1. Just to verify a result, which residue in region 233-275, among those that are of a type in the set (S, T, N, Q) and within 17 Å of the chain's Cα centre (by Cα), is surrounded by the most Cβ atoms within 10 Å (Cβ to Cβ)?
2. Please go through (1) more than 30 Å from residue 69 (Cβ to Cβ); (2) not assigned by TED's automatic domain parsing to the domain that holds residue 73 for residue 223 and return the number of the only condition it doesn't satisfy.
3. Across region 133-154, what is the number of residues that are over 23 Å from residue 103 (Cβ atoms) and at pLDDT below 95?
4. Residue by residue through region 58-84, note down the ones that are in a loop (DSSP other than H, G, I, E, B) and away from the ligand (no atom under 15 Å from the Cβ).
5. Among the residues in region 98-118, are any of a type in the set (Gly, Ala, Ser), in contact (Cβ under 8 Å) with a residue 40 or more places away in the chain and touching a Cys at 6+ places or on another chain (Cβ under 7 Å)?
6. Among residues belonging to region 116-160 that are of a type in the set (Gly, Ala, Ser) and assigned to a strand (DSSP E or B), point out the one that is surrounded by the most Cβ atoms within 10 Å (Cβ to Cβ).
7. Return the residue satisfying two criteria in turn: it lies in region 21-39 and is over 20 Å from residue 68 (Cα atoms) and buried (at least 20 other Cβ atoms within 10 Å of the Cβ), and of such residues it is nearest to the ligand (Cβ to nearest atom).
8. For region 1-20, give me each residue that is in a strand (DSSP E or B) and within 13 Å of the ligand (Cβ to nearest atom).
Amino acid sequence: MVVGINCGHTIAGAGCGASGIINESGHTRRVGYALAEILKSSGITVVDCTVDRAASQEEYLKSVVDAANNRMLDWFVSIHFNASAGHQAKGVEVYTYKGRKYQDALAICENISRLGFENRGVREGSGLYVIRRTKAKAVLIEVCFCDNREDVRNYQQIGGESVIAEAIYAGLLDRVENDGIPFDEYVGAIAVRDWQKRKIILPSVVVAQAVKESGWGTSELARRANALFGIKQNGWTGKTYIKTAAEQKKDGSIYKVENTVWRAYDNWEQSIIDHNDYIASRSTDGGRTLRYAEIIGSGDYKKVCRGLQHCGYATAINYAESLIHDYIEKYHFDRFDET
Ligand SMILES: [Zn+2]
């Protein structure tokens with residue numbers, strides 16, 4: 001993994017940050033370099049996209065983007081501190097391209113807000129040059145307001161840059177555990193909420209499928225496409241991810257299908273909801289009959305697992321029995337059905 005870090009603004013002159021109670025340019029560097037140290041010590045390659053001096057604001061922005069686009073980055077992270085006209089605004093906010101609510105962007109915002117800052121959320125950042133022009137997935141973090149008394153006091157009390165850097169790091173990487181919430185509990189909470197609302201597919205089965213298909217959230221599709229279930233494109237108009245598929249024939253032999261197109265999402269919750277939408281609406285005859293009609297709304301996990309298999313959800317020949325024995329019964333996922 002390669003992460004580009006931009007400590008926002010030049011040090012002085014053109015492109016310089018806000019003055020505030022604390023100096024923005026100074027603290028973007030403290031936070032950014034603390035984050036770089038943490039990333040490096042976990043074996044992640046860091047590319048410094050910080051520009052200390054520039055003749056103009058335009059030259060500054062262009063130099064940052066050039067530094068970022070010079071390398072193949074998985075992430076471009078720009079660190080800032082906010083300021084407002086009346087010095088009253090406070091809190092953390094994160095900008096992404098088109099305001100995309102990436103799992104990691106949401107986690108960064110949440111982790112920083114848990115340190116005592118108001119959570120202003122993930123916002124539309126397409127208007128920001130460094131978001132729009134960098135090729136990598138980009139996030140611009142406004143840690144807090146450097147001109148607001150409460151925010152600055154809190155920033156200093158919690159331990160400043162090192163604590164903020166840890167919060168950002170956890171957001172960027174701690175995706176499997178989701179802030180300490182185990183993967184099955186994370187998926188279970190969303191599956192239960194959707195079951196109570198729409199009664200499509202029993203929560204224990206959704207959790208078992210997510211755990212089995214994504215390897216507890218660690219698979220390539222889970223990490224790179226936020227997809228917890230291997231659902232192929234099948235009429236999907238959203239974004240996609242291309243990767244080889246492994247299929248199984250009825251005689252048990254495995255064959256590979258290269259360049260398979262999979263559905264991709266901004267975050268795991270979208271993947272779970274889309275999985276349920278898919279079960280509720282999948283039809284191979286233009287909607288006259290629903291492929292999974294026999295399992296929709298059923299409260300019997302064995303019936304649901306076997307129905308998924310028999311209706312053609314997966315080609316793996318032991319799919320249903322594996323969901324039942326290796327997952328639901330082994331980890332007691334039926335606890336999610338008792339609501
Ligand atoms: Zn700034």
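The values are calculated or read from the model by the stated rules, or taken from the named source; none is laboratory data. Since the structure is predicted, the reported quantities are computational estimates derived from the model, not experimental observations. Note that we place each Cβ from the backbone using ideal geometry, even for glycine, and neighbour counts take in every protein chain shown.
1. From region 233-275, those of a type in the set (S, T, N, Q) are 233-234, 237, 240, 244, 248, 253, 259-260, 267, 270-271; that's our starting set.
Filter once more, so that each one left must be within 17 Å of the chain's Cα centre (by Cα): 240, 267, 270-271.
Details: 240: 16, 267: 18, 270: 19, 271: 25.
Ranking the qualifying residues of region 233-275, first place goes to 271.
2. Tallying (1) more than 30 Å from residue 69 (Cβ to Cβ); (2) not assigned by TED's automatic domain parsing to the domain that holds residue 73, residue 223 fails exactly one: (1).
3. Step one: list which residues in region 133-154 are over 23 Å from residue 103 (Cβ atoms), which gives 133, 145-154.
Remaining after also requiring at pLDDT below 95: 153-154.
So the answer is 2.
4. Step one: list which residues in region 58-84 are in a loop (DSSP other than H, G, I, E, B), which gives 70-74, 83-84.
Matches in region 58-84: 70, 71, 72, 73, 74.
5. Looking only at region 98-118, we keep the residues that are of a type in the set (Gly, Ala, Ser), and these are 99, 105, 107, 113, 116.
With the extra rule that they be in contact (Cβ under 8 Å) with a residue 40 or more places away in the chain, the set shrinks to 105, 107, 116.
Applying the additional criterion that residues be touching a Cys at 6+ places or on another chain (Cβ under 7 Å) yields none.
For region 98-118, residues of a type in the set (Gly, Ala, Ser), in contact (Cβ under 8 Å) with a residue 40 or more places away in the chain and touching a Cys at 6+ places or on another chain (Cβ under 7 Å): absent.
6. Within region 116-160, the match that is surrounded by the most Cβ atoms within 10 Å (Cβ to Cβ) is 138.
7. Checking each candidate, the answer is 24.
8. Across region 1-20, the qualifying residues are 6, 7, 10, 16.
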